[in-house]
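Here the structure comes first, spelled out in structure tokens, and everything after it is commentary.
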Amino acid sequence: DTLYSGTSKVAFPGIPSFSPEKFAYIRNPNPSTYKSFQKGIDQLLAEGAVQSLRQRNDDGGGPLILAAVGQLQFEVVQARLTNEYGVESILEPIGFTLARWAEGGWEEVDKADADGKLFGTMIVQDRWGRPVLLFRNDWKAQGLADDEKD
């Protein structure tokens, strides 16, 4: 907590967000609890418990991908959904271990994809619609970075 009595505006830096290394689809096995499930997910995302990713051009109707630094974050999300919102959830791990934001935007992602450079890479978007590439290992990500330098 901070107390301030001055007149000029004060801005604090945000909480750092680390690149996730664990990814999983999360779904609600009980459609009758959709509203509670969605409310819980929205609250946990707003708190920064995990990050959310979606397939490209998904406006929120498709499967939600949770991204976390470690497995414990997933367990916390599931426990809080159960205890605070009274809903069950099912996590389906995805076999990727590295996320990289594509600084060149969708145009560069599309070009690399058309050139076959993104084979074995999952292309998703973050909550701001920015392209994110998920890799199975660091070797694949480094290979793509080296190709782009040439």
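Exactly one condition in (1) on the phi < 0 side of the Ramachandran plot; (2) at pLDDT below 95 is false for residue 60; which is it?
Unmet for residue 60, out of (1) on the phi < 0 side of the Ramachandran plot; (2) at pLDDT below 95: (1).
Can you name the number of the only condition in (1) within 15 Å of the chain's Cα centre (by Cα); (2) open to solvent by less than 70 Å² (accessible area, probe 1.4 Å) that residue 81 fails?
The single condition residue 81 does not satisfy is (1).
I want to confirm something. Restricting to the stretch 39-77 and keeping residues that are open to solvent by less than 50 Å² (accessible area, probe 1.4 Å) and in a helix (DSSP H, G or I), which single residue is farthest from residue 122 (Cα to Cα)?
My answer is 40.
Of all residues in the stretch 103-117, how many are closer than 19 Å to residue 19 by Cα and outside any helix (DSSP H, G or I)?
2
Considering the stretch 109-119 alone, what residues qualify as being touching a strand residue (DSSP E or B) at 6+ places or on another chain (Cβ under 8 Å) and open to solvent by 70 Å² or more (accessible area, probe 1.4 Å)?
Selection gives 113 alone.
Which pairs do you get when a residue that is free of Cβ contacts under 8 Å to residues at least 12 places away in the same chain, found in the stretch 117-129, comes within reach of a residue that is aliphatic (A, V, I, L, M) and exposed (fewer than 14 other Cβ atoms within 10 Å of the Cβ), reach meaning Cβ atoms under 9 angstrom, with the pair 6+ apart or on two chains?
Listed by first residue and then by second, the contacts come to nothing, as the list is empty.
Have a look at 73, 125 and point out the one that is touching a Lys or Arg at 6+ places or on another chain (Cβ under 9 Å), more than 17 Å from residue 22 (Cβ to Cβ) and among the polar types (S, T, N, Q). It would help to see each step written out before you state the result.
Numbers: 73 fails: more than 17 Å from residue 22 (Cβ to Cβ).
Testing whether each residue is touching a Lys or Arg at 6+ places or on another chain (Cβ under 9 Å), more than 17 Å from residue 22 (Cβ to Cβ) and among the polar types (S, T, N, Q) leaves just 125.
Does residue 99 fit the bill of being crowded, with 16+ Cβ neighbours inside 10 Å, farther than 24 Å from residue 28 by Cα and in contact with a strand residue (DSSP E or B) (Cβ under 7 Å, 6 or more places away or on another chain)?
Working: crowded, with 16+ Cβ neighbours inside 10 Å: yes; farther than 24 Å from residue 28 by Cα: yes; in contact with a strand residue (DSSP E or B) (Cβ under 7 Å, 6 or more places away or on another chain): yes.
So residue 99 passes the test.
Kindly indicate the residue of the stretch 1-54 that is in contact (Cβ under 8 Å) with a residue 60 or more places away in the chain and over 16 Å from the mean Cα position of the chain (by Cα) and also nearest to residue 129 (Cα to Cα) among those meeting that condition.
Once the filter is applied, the top-ranked residue is 28.
What's the number of the only condition in (1) buried (at least 18 other Cβ atoms within 10 Å of the Cβ); (2) in contact with a Pro (Cβ under 9 Å, 6 or more places away or on another chain); (3) in a strand (DSSP E or B); (4) among the β-branched types (Val, Ile, Thr) that residue 132 fails to meet?
Only one criterion in (1) buried (at least 18 other Cβ atoms within 10 Å of the Cβ); (2) in contact with a Pro (Cβ under 9 Å, 6 or more places away or on another chain); (3) in a strand (DSSP E or B); (4) among the β-branched types (Val, Ile, Thr) is unmet by residue 132, namely (2).
Report, ordered by the first and then the second residue, all pairs with beta carbons closer than 8 Å, sequence separation of six or more or different chains, a first member in the stretch 133-144 that is among the small types (Gly, Ala, Ser), and a second member that is open to solvent by 90 Å² or more (accessible area, probe 1.4 Å).
Short answer, once both residue conditions are applied: 141/100.
Quick check on the stretch 89-102. Is at least one of its residues without any contact (Cβ under 8 Å) to a residue 40 or more places away in the chain and either assigned to a strand (DSSP E or B) or more than 21 Å from residue 48 (Cα to Cα) (or both)?
Kept after step one, since they are without any contact (Cβ under 8 Å) to a residue 40 or more places away in the chain, are these residues of the stretch 89-102: 101-102.
Keeping just the survivors that are either assigned to a strand (DSSP E or B) or more than 21 Å from residue 48 (Cα to Cα) (or both) gives 101-102.
Yes.
On the given criteria, is residue 86 open to solvent by 50 Å² or more (accessible area, probe 1.4 Å), of a type outside the set (Asp, Glu) and over 24 Å from residue 97 (Cβ atoms)?
Working: open to solvent by 50 Å² or more (accessible area, probe 1.4 Å): yes; of a type outside the set (Asp, Glu): yes; over 24 Å from residue 97 (Cβ atoms): yes.
Against the criterion (open to solvent by 50 Å² or more (accessible area, probe 1.4 Å), of a type outside the set (Asp, Glu) and over 24 Å from residue 97 (Cβ atoms)), residue 86 qualifies.
The values are calculated or read from the model by the stated rules, or taken from the named source; none is laboratory data. All values reported here derive from a predicted model rather than from experimental measurement. Quick reminder, even Gly has a Cβ in these numbers, built from the backbone with ideal geometry, and neighbours come from all protein chains shown. Just so you know, the surface numbers come from the protein's heavy atoms only, side chains and all, with ligands and any DNA or RNA stripped out. Shrake-Rupley method; radii C 1.70, N 1.55, O 1.52, S 1.80 Å.
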